[in-house]
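Below you'll find the structure, written out as structure tokens, and then a few comments.
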Amino acid sequence: MITEIVTFDIPEGMGREEIVRLFEDSAAIWRAHPKLHRKNYIYDPEAGLAGGVYTWDSIADAQEAHGAAFVARIAETFGSTPSFRYFETPVVVQNRPAPG
């Protein structure tokens, strides 16, 4: 299993409410993705960054999901290009079910 961290710059002036709304609007896409184990949306207003932390079986699955259409959607929505990092995930601890 791997963990993929995707980050991108958010436009100046885009507030938390709008970012959360955009995240919620895209959640259905990820809930329906057959290869995705889990996604956590992330937001750092001080750094001007947002993105997601994904768990997949392989880097190939992550790259397939985050191809040209995904990059174009981020560029159109947030005006930036996402960066991608991949980590082997040898151990997972989950003490409670995810909220909501």
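Any read-out appearing in this document is the output of simple, stated calculations on the displayed coordinates, not a laboratory observation. Computed from a predicted model, the values in this text were never measured in an experiment. Here the Cβ positions follow ideal geometry from the backbone for every residue, glycine too, while neighbour counts run over all protein chains shown.
Listed residues A65, A47; which is touching a His at 6+ places or on another chain (Cβ under 9 Å), of a type outside the set (F, W, Y) and under 21 Å from G79 (Cα atoms)?
Numbers: A47 fails: touching a His at 6+ places or on another chain (Cβ under 9 Å).
Within the list A65, A47, the selection yields A65.
Give me the residue from region 22-36 that is of a type in the set (D, E, K, R) and free of Cβ contacts under 8 Å to residues at least 24 places away in the same chain and, out of that set, nearest to D57 (Cα to Cα). First the steps, then the outcome.
Applying the first criterion (of a type in the set (D, E, K, R)) to region 22-36 yields 24-25, 31, 35.
Retained after the next criterion (residues that are free of Cβ contacts under 8 Å to residues at least 24 places away in the same chain): 24-25, 31.
Details: E24: 24, D25: 25, R31: 16 Å.
Checked region 22-36; the qualifying residue nearest to D57 (Cα to Cα) is R31.
For region 6-52, how many residues meet the condition of being surrounded by 16 or more Cβ atoms within 10 Å (Cβ to Cβ), under 23 Å from V91 (Cβ atoms) and β-branched (V, I, T)?
Residues flagged as surrounded by 16 or more Cβ atoms within 10 Å (Cβ to Cβ), under 23 Å from V91 (Cβ atoms) and β-branched (V, I, T) within region 6-52 amount to 1.
Pick from region 1-22 the residues that are in a strand (DSSP E or B) and touching a helix residue (DSSP H, G or I) at 6+ places or on another chain (Cβ under 6 Å): which of them is farthest from P45 (Cα to Cα)? Working first, answer last.
Our first condition is that a residue be in a strand (DSSP E or B); within region 1-22, this holds for 2-9.
Keeping just the survivors that are touching a helix residue (DSSP H, G or I) at 6+ places or on another chain (Cβ under 6 Å) gives 2, 4, 8.
Details: I2: 26, E4: 21, F8: 12 Å.
So the residue we want is I2.
Scan region 65-80 and give yes if some residue there is touching a Phe, Trp or Tyr at 6+ places or on another chain (Cβ under 8 Å), more than 10 Å from T3 (Cα to Cα) and surrounded by fewer than 16 Cβ atoms within 10 Å (Cβ to Cβ), otherwise no.
Filtering region 65-80 for residues touching a Phe, Trp or Tyr at 6+ places or on another chain (Cβ under 8 Å) gives 65-66, 74, 78, 80.
In the following step, the residues that additionally are more than 10 Å from T3 (Cα to Cα) were identified as 65-66, 74, 78, 80.
Adding the requirement that they be surrounded by fewer than 16 Cβ atoms within 10 Å (Cβ to Cβ) leaves none.
No, the conditions are met nowhere in region 65-80.
Can you tell me which residue is nearest to P34 (Cα to Cα) among those in region 44-89 that are assigned to a loop (DSSP other than H, G, I, E, B) and touching a residue at least 40 places away in the same chain (Cβ under 8 Å)?
Across region 44-89, the extreme among qualifying residues is D57.
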